[in-house]
Amino acid sequence: MKTYHFLPIFIVMVASYVAMHFYAANWLARAFTLAPAAAKWLRLALLGLALFSPFIMFLKRAFHGGALEQVYAAGYAWMGIIFIAALVFACSDLAALLLRRYAWFKPLPFACATLTLLAVIVGWALYGGHKTPDIKEVTVTIAGLPPALDGLRIAQISDMHVDSGFKLRQYAAIADRINAARPDLLLITGDLIDPGITCREEIAELTARIKPRLGVFGALGNHEYYYGLGNAMDCYAAFGIKLLKNEAYDLGELRLIGLGDIHTEHLTREDVTGILRKHQDGKFTILLSHQPVFYREIAATGDYLGFSGHTHKGQIFPFHIFTRLVYKYFYGLYKVGGSYFYVTSGAGTWGPPLRWLAPAEIPLITLRKQ
């Protein structure tokens, strides 16, 4: 069984996160020519903020609700803001360097222009993280599609990360939008809930608003394991979602197969293809798999219509670049052999309630016979 080593990646991420704060403090001290004592206090203040955001991630597991939600929201938002700030400050420094070297005129001070640009981008990102995602309609034309499935409409929710009252309100708007679209089938491809929320009745009520003709089915994401696998599975049952964990379910001429989260369960290529072969019987098959991996190996076992999420399309640019390095199938519709796979950017946010150049979406896939 393959082992995934996340500790070195975690250490690099934490070190990079702290470094962003020191870089931002030094940039501000330099841009506004702060006195040494003031610059020192600025660095200490930003170091405190660097420690604050990770701290609330642990605190949230034990204490949630009420006034603390506002504290958590501020801490998570800061994680996104400092990342954008470091990026904007770096671009400002690069622009100033190039102008000093190649321009025939002396450039104007960049500090005010840079902070204005930062405010615009942060506002844009906050709006992107809070707005109700649009329905994204995609038509998939499939050779040999059973006539009974021609015109089938499938909605997908992925990566909602419901962990607060704000996310519940967002989920309510998403439920209404999906219900208005009248899909035949709703698929939830993981990361629906996160630590910070209990299996409140509101989620069950909101999910019950959506009444697709063929029902609501789900597969686990990695955050359900972080939440606590047993508790998460109980939550899915309470929400009225038929959870498929390495198993199949038949809907007439349609077969659904749901995988557990591949990386969290340490499933190998052989494990995945073995599960699929076990449940093959010639029916048209839809595959729910939270992480968009092993597509070529999956397609080699048969023809599928697969649904995944997890990547968030990077969520905040330029995380797109790093996410693409890890996941070849990053966003959108892919054809692999005789199979089609759709990787969504997700309907919500994880961590910072911000999205920049990576809008959330609610995919609505319509099947057509070729």
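Values in this text are rule-based calculations from the coordinates and carry no lab data. As the structure is a prediction and not an experimental result, all values here were calculated from the model. Don't worry about glycine lacking a Cβ; one is built from the backbone with ideal geometry, like all the others, and counts go over all protein chains shown.
Listed values, structure above:
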| item | result |
| --- | --- |
| 5 angstrom amide H check on G306, placed H, neighbours 5+ away | L287, Y340, F341, Y342 |
| Net charge, G218 excluded, C-beta distance under 14 Å - Lys, Arg +1, Asp, Glu -1 | -4 |
| The chain - percent relative contact order, Cα under 8 Å, separation 6 or more | 21 percent |
| Residues D250 and F32, FRET efficiency given R0 of 51 Å [Cβ-Cβ distance, rounded to 0.05] | 0.20 |
| Linear extension gain, F63 paired with Y327, 0.36 nm per residue minus alpha-carbon span | 91.6 nm |
| Extreme residue, positive dipole direction of the chain, given options L187, V88, T264 (C-beta unit charges) | V88 |
| In nm, spacing of pseudo-spin labels at Y225 and R101 (7 Å Cα→C-beta vector) | 4.5 nm |
| Helix 269-278 vs. the chain, principal-axis angle (Cα, 0 to 90°, nearest 10) | 30 degrees |
| Derived scalar couplings ³J(HN,Hα) [segment 142-150; Karplus, 6.51 cos²θ - 1.76 cosθ + 1.60; whole Hz; x for Gly, Pro] | 10, 5, x, 5, x, x, 5, 9, 5 |
| Linear extension gain, V138 paired with D234, 0.36 nm per residue minus alpha-carbon span | 31.3 nm |
| Helix 36-62 axis, angle to the chain major axis (alpha carbon atoms, nearest 10°) | 20 degrees |
| Two-site FRET efficiency, R182 against K283, from Cβ-Cβ distance with R₀ of 25 Å, rounded to 0.05 | 0.55 |
| Sequence-distant residues sharing a close amide H with F284 (under 5 Å, placed H) | R255 |
| Phi to ³J(HN,Hα) by Karplus 6.51 cos²θ - 1.76 cosθ + 1.60 over segment 86-93, Hz, x for Gly, Pro | 4, 5, 5, 5, 5, 5, 5, 4 |
| Cα-based shape type of segment 7-129, given that a ≥ b ≥ c are square roots of the gyration tensor eigenvalues and the cut on a/c is 1.5 | prolate |
| Pairwise FRET efficiency - R269 versus A113, Cβ, R0 = 56 Å, nearest 0.05 | 0.65 |
| Angle between the chain longest axis and helix 229-238 axis [Cα atoms, degrees, rounded to 10] | 60 degrees |
| Derived scalar couplings ³J(HN,Hα) [segment 110-119; Karplus, 6.51 cos²θ - 1.76 cosθ + 1.60; whole Hz; x for Gly, Pro] | 8, 4, 5, 5, 5, 5, 5, 4, 4, 4 |
| Unit charges on C-beta of K, R, D, E only; dipole of segment 206-281, Debye | 340 debye |
| Given charges at Cβ of Lys, Arg, Asp, Glu: the chain dipole, positive-most of I321, S53, H223 | I321 |
| Members of K283/K335; K211/K313; K211/K283; K283/K369; K131/K245; K136/K278 lying beyond 22 Å, as alpha-carbon distances in this model show | K211/K313; K211/K283; K131/K245; K136/K278 |
| MRE, 222 nm, helices only [DSSP H, n ≥ 4, -39500 (n - 2.57), over the chain, to nearest 500] | -15500 deg cm²/dmol |
| Fluctuation leader among K245, K40, K283 - the chain, Gaussian network, Cα springs under 10 angstrom | K40 |
| Rounded, prolate or oblate (a/c below 1.5 giving rounded, otherwise prolate when a/b exceeds b/c) for segment 253-370 by Cα gyration tensor | prolate |
| Least to most buried among I81, I316 (fewest other Cβ within 10 Å first) | I81, I316 |
| Tensor-based shape of segment 175-265 (alpha-carbon gyration tensor, a/c under 1.5 rounded, otherwise prolate or oblate) | oblate |
